[in-house]
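In what follows, a single structure is set out as structure tokens and then discussed.
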Amino acid sequence: MAPRKLAAGNWKMNGTTASLAEVDALTAPEGCGVLICPPATLIAAMAAQVQGGVMVGGQDCHAKASGAHTGDISAAQLKDAGASHVILGHSERRADHGETDAQVAAKAGAAHGMGLTAIICVGETDAQRDAGETLDVIARQLAGSVPEGASAGNTVIAYEPVWAIGSGRTPTAEQIAEVHALMRERLSARFEDGADMTLLYGGSVKASNAREIFAIAHVNGALVGGASLKAADFAPIVAALAAA
């Protein structure tokens, strides 16, 4: 078994009902998964509308199944709305909400319990890279954020250099390759099927650099932000991945 290719779009806090028209132009090519993670308000409507094998996911979930957690959403509720995946531990959640590795791991466990695929995000800040701490940070986040029940069937890992997200800056191919090689090594050592886990790169991925990024060893797809909001921008990235 080889890692499955996946082009995942993270709409973040963008999109209204009118935005749903964008998914009409998307289809999943042979051997390549396509996923859109819209705001929670759009998940059910999008899940009812997508076609051509396109999947829908959430952007976060609570570790608990239910309860007095105003404003939160559970893995069961995501599943009920039609989601198949959920993004967890995104750098914006870690920074804006103080999420820890342990909390991310608990959320991933909850997602797995509901049959959702957890897309667990890791990545270093500008200061951490400048201090030469990148690989240590990634290794620590992998160890703490990925629960014991993870497998190639229920877990995807996304490397997002925090300093590249939305900045227009992209790490060199060598920098991306170094981190993805470390992730593959650590996951393979810890999990029986770690060699088959899908590894995504995220951080200012666009049509103009997608082909180069997908040529890097152990890069099995991308977690795309702004370029996933419009089908005209996202479809070329999907095509580049399918051709890789």
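Test Glu174 against the stated conditions and say whether it is over 21 Å from Ala2 (Cβ atoms), surrounded by fewer than 18 Cβ atoms within 10 Å (Cβ to Cβ) and charged (D, E, K, R).
Considered against the rule, which asks whether it is over 21 Å from Ala2 (Cβ atoms), surrounded by fewer than 18 Cβ atoms within 10 Å (Cβ to Cβ) and charged (D, E, K, R), Glu174 comes out as yes.
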>> Which numbered condition in (1) under 26 Å from Lys206 (Cβ atoms); (2) hydrophobic (A, V, I, L, M, F, W, C); (3) at pLDDT 95 or above is the only one that Ala45 fails?
In response: (1)
> Considering Ala181, Ala217, which residue is assigned to a helix (DSSP H, G or I) and farther than 30 Å from Thr17 by Cα?
Replying inline: Ala181
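Yes/no per residue for (1) among the acidic types (Asp, Glu); (2) not in a strand (DSSP E or B):
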| site | (1), (2) |
| --- | --- |
| Ala44 | no, yes |
| Gly52 | no, yes |
| Gly57 | no, no |
| Lys64 | no, yes |
| Ala68 | no, yes |
| Asp72 | yes, yes |
| Ala76 | no, yes |
| Ile87 | no, no |
| Arg94 | no, yes |
> Which pairs do you get when a residue that is within 20 Å of Asn10 (Cα to Cα), found in the range 64-86, comes within reach of a residue that is among the hydroxyl-bearing types (Ser, Thr, Tyr) and surrounded by 12 or more Cβ atoms within 10 Å (Cβ to Cβ), reach meaning Cβ atoms under 7 angstrom, with the pair 6+ apart or on two chains?
Replying inline: Ser84/Thr117; His85/Thr117
> Applying the selection to the range 27-42, what residues are in contact with a Gly (Cβ under 7 Å, 6 or more places away or on another chain) and either part of a loop (DSSP other than H, G, I, E, B) or within 14 Å of Val86 (Cβ to Cβ) (or both)?
Replying inline: Thr27, Ala28, Leu35, Ile36, Cys37, Pro38, Pro39, Ala40
> In the range 136-178, what count of residues is obtained for those that are of a type outside the set (D, E, K, R), over 16 Å from the mean Cα position of the chain (by Cα) and under 11 Å from Val122 (Cα atoms)?
Replying inline: 4
> Counting only residues that are under 22 Å from Ser91 (Cβ atoms) and in contact with a Lys or Arg (Cβ under 8 Å, 6 or more places away or on another chain), which one in the range 227-240 is surrounded by the fewest Cβ atoms within 10 Å (Cβ to Cβ)?
Replying inline: Asp233
> Picking from Ser167, Ser188, Ser204, Ser208, which residue would you name as being of a type in the set (S, T, N, Q), within 24 Å of Pro29 (Cβ to Cβ) and surrounded by fewer than 18 Cβ atoms within 10 Å (Cβ to Cβ)?
Replying inline: Ser208
>> Among the residues that make up the range 106-122, is at least one of them modelled with pLDDT of 95 or more, in contact with an Asp or Glu (Cβ under 7 Å, 6 or more places away or on another chain) and farther than 19 Å from Gly203 by Cβ?
In response: no
> Restricted to the range 112-148, and to residues that are assigned to a helix (DSSP H, G or I) and of a type in the set (A, V, I, L, M, F, W, C), which residue is surrounded by the most Cβ atoms within 10 Å (Cβ to Cβ)?
Replying inline: Ile138
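The values are calculated or read from the model by the stated rules, or taken from the named source; none is laboratory data. Remember, predicted model here, so these are calculated numbers, not experimental data. For neighbour counting, all protein chains shown are included, and Cβ atoms are generated from backbone atoms with ideal geometry for every residue, glycine included.
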